[in-house]
Amino acid sequence: MKPSPDLVLNHAFAKVALEMGPALPAGYGQGSATLTGVLLLMVSQEFNRAADIRAKENAAMRGLFADAASDVAGELGVRLKAAGGEVDADINVATLDRSNAALKALLIELHIYAERAGAGGLERRILKLLDEAATARQVFLPAM
Amino acid sequence: MSADLEARIVRYLAHRMPEAGRVSIISLSRIHGGASRETFRVRIDAERGGQRGLIFRRDPVSTLIETEREVEFAAYRSFMGSAVPVPGALFLERELDWLERPFFVMEEVEGCTAGSILAADPYGAHRRKIGEQFFTILGQIARRDAASSDLARHSPMPAADAAWEAELDKWEKVIDEDELEPQPIARAAIRWMRSNPPPPAQRVSIVHGDYRTGNFLFDTSGSIRAVLDWEMAHLGDPLEDLGWALDPLWSADREHPGGMLKREDAIAVWERASGLKVDPAALRWWSMFASFKGLAIWISSAKEFQAGTNTDPVMAFSGLYCLPFHNKRLADMLIQAKEIAS
């Protein structure tokens, strides 16, 4: 698709936030126009990476679950094993988001288990995974 | 702006300010800012009293907790005439006939501006002067006798050792109700904060609840003229406000919280003004709480936007930018907390 969507959104940001917004009278309209332009910039960042971020996050959680499953007894261990073997049906962002939500719910359960069991190594691995995921999802804005 | 709104405001002012005689509107415009209230700047010309500026803060269409506007109004009144600069709070109106929704009216503080959290250097040459005032005023808020304030009639007085838990419960509930997807970092932070509570508050004081860059007005000489946006005010641990004010989200310049002073300088100014000493462990807890509370607010904003109940771009910005920011910050703090503990 040319022009590429992220480029279109970048230029739309410049037009709305840096030209149209400042041309409006100071007040609610100007502020909203400028911020709407900033939203376009953020969505342009997200366009290219959205599926990649989610696919990697899902893979990381599944890898963790597969590794942890054998050390976790009972029903939680069974669900971890099952989740660890799943794959995403496709790489549409909505599909990946649905898997991501289910995996995160299970990750919360595993994290609680690790804290209660005093499984320090597992706990550290979970925190590292969460930190890496949070880093990947950060949006960067130019100072304005 | 609609002529209908102008006419309604004229009718209301004639009712509330009969001593002013005939009132006409010179200008009426909506102010951009927080999405918790619709804020209008109204310049009037009164037959007796002449021209003056007023601010109308009207409840949004989407629901908010009924008591919040009462709380905000009471918070302003708690500091009128004090060293903490606030605009005069004039009228609180609950009747729906006037502007369709409840609202309150304040004096406009003219000739001022607010800093932006996206600005590289929001205060320029006045950075230090404004920073010293900013943290001094925050210390003065902490010094104010809470029990005798207007706010004490609208906000429960927690025990010194229970202030943290009341706030943590409140914002956990917001996440429980509003999360659109599971929040593993927020949940981990909640568990950590409950397992590692801060020491009791040195003093139960008025807490502004949203004290940061963007929520105060300063003039061209670098003097802070008004502290605004008290809708999350309550009684609690004053370290809550300090942790919030120091959060890195409030400035693009991460070395200077809020784009003002270095963190250690800010704490020193606050200690002098409040008469309190900052316990580093307690501030660490309240700093984590600040990012957690921010996360709860952004989760709630994202839900409102996603549901279409409030499509102000501020709500989308909160979900797209602020939410990942505070998730990352909390993840960092959780790792640091584990390292300290081990």
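Too long at a 24 Å Cα-Cα cut-off: which of A:56/A:104; A:104/B:328; A:56/B:170; A:128/B:293?
A:56/B:170
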Listed residues B:213, B:220, B:113, B:311 arranged by accessible area, highest first, probe 1.4 Å: B:220, B:311, B:113, B:213
In degrees, nearest ten, helix A:74-84 long axis to first principal axis of chain A (Cα): 50
Helical mean residue ellipticity (222 nm; -39500 (n - 2.57) per DSSP H run of 4+; nearest 500) of chain A: -25000 deg cm²/dmol
Contour excess over end-to-end distance, with Cα ends at residue B:162 and residue B:254 and 0.36 nm allotted per residue: 30.0 nm
Sorted peptide list for A:34-44, B:50-60, criterion being average Cβ within 10 angstrom, highest first: A:34-44, B:50-60
Neighbouring partner chain Cβ atoms per residue of A:130-139, average, 10 Å criterion: 6
Segment A:5-136, dipole about Cα centre (Lys/Arg Cβ +1, Asp/Glu Cβ -1), debye to the nearest 20: 80
Segment B:3-107: C-alpha gyration tensor shape, a/c 1.5 cut-off, then a/b vs b/c: oblate
Gyration tensor (alpha-carbon) shape descriptor, segment B:119-264, a/c threshold 1.5: oblate
GluC sites (Glu not before Pro) restricted to segment A:1-97 and DSSP loop, no more than 16 other C-beta within 10 Å: A:86
Angle between chain B longest axis and helix B:323-341 axis [Cα atoms, degrees, rounded to 10]: 30
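Over all residues in B:316-325, what is the mean tally of Cβ atoms on other chains that come within 10 Å of each residue's Cβ?
Values: counts 6, 7, 0, 1, 9, 8, 1, 2, 8, 5.
Rounded to a whole number, the mean comes out at 5.
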Estimated FRET transfer efficiency when R0 is 30 angstrom, pair residue A:138-residue B:113 (beta carbons, to 0.05): 0.55
Rounded FRET efficiency, nearest 0.05, which uses the C-beta distance separating residue A:26 from residue B:16 and R0 of 41 Å: 0.90
MRE, 222 nm, helices only [DSSP H, n ≥ 4, -39500 (n - 2.57), over chain B, to nearest 500]: -13500 deg cm²/dmol
Folded to 0 to 90 degrees: helix B:163-178 orientation relative to chain B principal axis, Cα: 80
Placed amide H near residue B:91: partners under 5 Å, 5+ positions off or other chain: B:105
Protection proxy ranking of A:3-11, B:134-142 - average other beta-carbon atoms within 10 Å, highest first: B:134-142, A:3-11
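FRET efficiency for residue B:341 and residue B:180, Cβ-Cβ distance as r, R0 = 41 Å, nearest 0.05?
Values: r = 32 Å, r/R0 = 0.77.
For residue B:341 and residue B:180, the calculated efficiency is 0.80.
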Cα-projected label distance for residue A:97 with residue B:80, points at 7 Å along beta-carbon direction, nm: 4.6
Interchain or long-range residues, amide H under 5 Å from residue B:225's placed H: B:217, B:218, B:219
List A:71, B:161, ordered by accessible area with a 1.4 Å probe, largest first: A:71, B:161
Shielding of A:100-107 by partner chains, average beta-carbon count, 10 Å: 3
Residues whose placed amide H lies under 5 Å from that of residue B:213, excluding near-sequence neighbours: none
1.4 Å probe, heavy atoms, protein only - residues of segment A:27-65 losing at least 30 Å² accessible area vs chain alone: A:28, A:35, A:39, A:42
Under 16 Å from residue A:81, Cα to Cα: aspartates and glutamates that are on another chain or at least 8 residues apart: A:67, A:71, A:109
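What percentage of the solvent-accessible surface of the protein assembly as shown, computed with a 1.4 Å probe over protein heavy atoms, is contributed by carbon and sulfur atoms?
Carbon with sulfur: 55 percent of the solvent-accessible area.
The values are calculated or read from the model by the stated rules, or taken from the named source; none is laboratory data. For clarity, every value in this text was computed on a predicted model and none was experimentally measured. No Cβ is skipped: glycine too gets one built from the backbone with ideal geometry, and neighbour counts run over all protein chains shown. Accessible surface is based on the protein model in full, side chains and every heavy atom, while ligands, DNA and RNA are left aside. Shrake-Rupley method; radii C 1.70, N 1.55, O 1.52, S 1.80 Å.
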